[in-house]
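Quick note: the coordinates plus some simple rules give every number you see, no bench work behind them. All values reported here derive from a predicted model rather than from experimental measurement. Positions of Cβ are backbone-derived with ideal geometry, glycine not excepted, and every protein chain shown enters the neighbour counts.
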């Protein structure tokens, strides 16, 4: 697929996606301050799990517009999670795991299943988090002067 799309076009797609993230990460952080980190994180995890399926379906069309849209939109679910909590469950090794799954199964379905499993784990973990929204947590970080 990437061999049929020119490198400048791919760079433009990545630039557009980055510009979207430039806005969506702070927005997600703001929403998490207003509505609670666990709640916004759960929304992001669910969106990530669902969008993994939509993303590959859009790529499979091989239509440049849908590839562009899929790539630009793909960062938004991640950003919704990144805003309130700057780490994803299985986020670091995810590209390596995705490459191994594709090499093994030769299908994007295995990758989407992996995304969905990670999303379910994220939802469960966030649901168990204590919500500190609106609470004074300054003492948690106060240094002992004694």
Find the centroid of the Cα atoms in segment 2-64 and in segment 106-136, then give the distance between the two in whole Å. 16 Å
Counting pairs of Cα atoms in segment 2-130, how many percent are more than 27 Å apart? 20 percent
Between residue 63 and residue 127, what FRET efficiency comes out of the Förster formula 1/(1 + (r/R0)^6) with R0 = 35 Å and r the beta carbon distance, rounded to 0.05? 0.40
Under the rule a/c < 1.5 gives rounded, and otherwise a/b versus b/c splits prolate from oblate, where does segment 1-59 land using the Cα gyration tensor? oblate
Which whole-number percent is the relative contact order of segment 2-130 (Cα, under 8 Å, 6+ apart)? 36 percent
Intensity falloff of segment 38-83 expressed as log10 I(q)/I(0), Debye formula with alpha-carbon point scatterers, at q = 0.13, 0.32 Å⁻¹: -0.29, -1.04
